[in-house]
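Throughout, read-outs are computed from the coordinates displayed, never taken from laboratory work. Only a predicted model underlies this, so the values are computations on that prediction, with no experimental measurement involved. With ideal geometry, Cβ positions are generated from the backbone for all residues, glycine too; neighbour counts draw on all protein chains shown.
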Amino acid sequence: MKYLYLILSGTILLSSCKDEIMIAEQENSVVETKFHIPTTVSKEAQQVIGEWSIESRNKGIENLLKADAPIEDWEAKQKEFNQMASEPLPELLEYYKPTIDTIEVGGIRAIDVKPKNYKYNGKVIVYIHGGAYVFFTADVTLLSSVPLADAIGMRIVSVDYTLAPQAKFGKITDEVLQLYQGLLKEGYEAKNISIYGDSAGGGIAAGSVLKMRDKGIELPSSLVLWSAWADIDEIGDTYFTLKDHDPNLVNKGFLDQCALAYADEKDFKNPYVSPVYGDFSKDFPPTLIQVGGKEIFLSNSIRLYRAISEGGKEVKLDVYEGMWHVFQGYYKMEESKIAVKNTKNFILEHFKSE
């Protein structure tokens, strides 16, 4: 038996996988529970996909909580997930050798990530981590922030927002705005700030930018979204067409409960919750959307791309063949390196153009 980490809605779950191909009997027919391994992806990616199965994916979400579970139960589960997410970090830190500090900006706790040989240049990137809104502190989400900081040679400030269900979307997006305004007060210019988020953090990032726009706060130079949870309802074709092919994401029994922990159902179409419903005819920064071809959130990315494009704003949709949810966290894999490079180039281009 071997163990591997699954990035699930921006969360990292420790799941056990059997090495052999698992076969299940279903309605008197034999059905393979392994996922299709495309030959069009890197050897590293093929190996990762080959180690996953529907059985291991579903096992990874067993015993998760209902949205209305007692807070103390959520806190215990959050602590458990934090411990699991910490396990790959020593290897990551040894590989990149960044400087990691805990700071406070605008009264909000954050993790300050500086790459090896960092030199101040007046620019900063704000990162909003994933975790289905309900999991992880910023301390344990370095798989997404450290490789980008190293590639771009810049400081990344990771927002340690209050998790749901301890807080709903209103408080969480307010905390992002508070940190962003704190950076402005420290002397950073909006044209020298970029914001990015992955999974639930992508939804928070886009929703927060819409909120700061509506409040008259000067917008950042660019926005980058990795596998953004841009509509927290189960809407979009790939929620259904890819549900048996997504190696990480399961809506029923997991994402649906996390969504309810983050926002009441009556608020699901609020643009600060589900940014696909935003008004993009008004100001909005140039946006890069990255997504994998295997994930049920593919429709979220397509719909958000269409909404921003139809609003007349600059947006790029960057889709990766055969990739899963937040694949960028597999930092040694070729597809991850390309995605991080494209993110770097997009951010630098819009820093430059200001």
Which entries in the list Lys252/Lys313; Lys191/Lys282; Lys97/Lys337; Lys211/Lys269; Lys79/Lys116; Lys185/Lys337 go over 26 Å, if you measure between the two C-alpha atoms of each?
Lys252/Lys313; Lys79/Lys116; Lys185/Lys337
Of Gly50, Gly107, Gly60, the most mobile residue in a GNM of the chain (C-alpha springs, cutoff 10 Å) is Gly107
Which entry in [x] 17.3; [y] 30.2; [z] 18.7 matches mean projected area of the Cα convex hull in nm² derived from the coordinates of this structure?
[x]
Expected max-MSF residue from Glu295, Glu72, Glu189 in the GNM of the chain (alpha carbon, under 10 Å) is Glu72
Highest mean first, what order results for 253-266, 321-334 on Cβ atoms within 10 Å?
321-334, 253-266
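Taking the Cβ of Gln328 as the center, what net charge do the other residues with Cβ under 10 Å away carry, scoring Lys and Arg +1 and Asp and Glu -1?
Net charge around Gln328: -1.
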Charge tally in the Cβ shell below 14 Å around Asn82, where Lys, Arg are +1 and Asp, Glu are -1, Asn82 excluded:
-3
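Quick one: dipole size for segment 240-323, taken about the Cα centre, charges +1 on Lys/Arg Cβ and -1 on Asp/Glu Cβ, in debye to the nearest 20.
Rounded to the nearest 20 debye, it is 100 debye.
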Using only DSSP helix segments of four residues or longer, with each worth -39500 (n - 2.57), what per-residue ellipticity at 222 nm results for the chain after dividing by its residue count and rounding to 500?
-11000 deg cm²/dmol
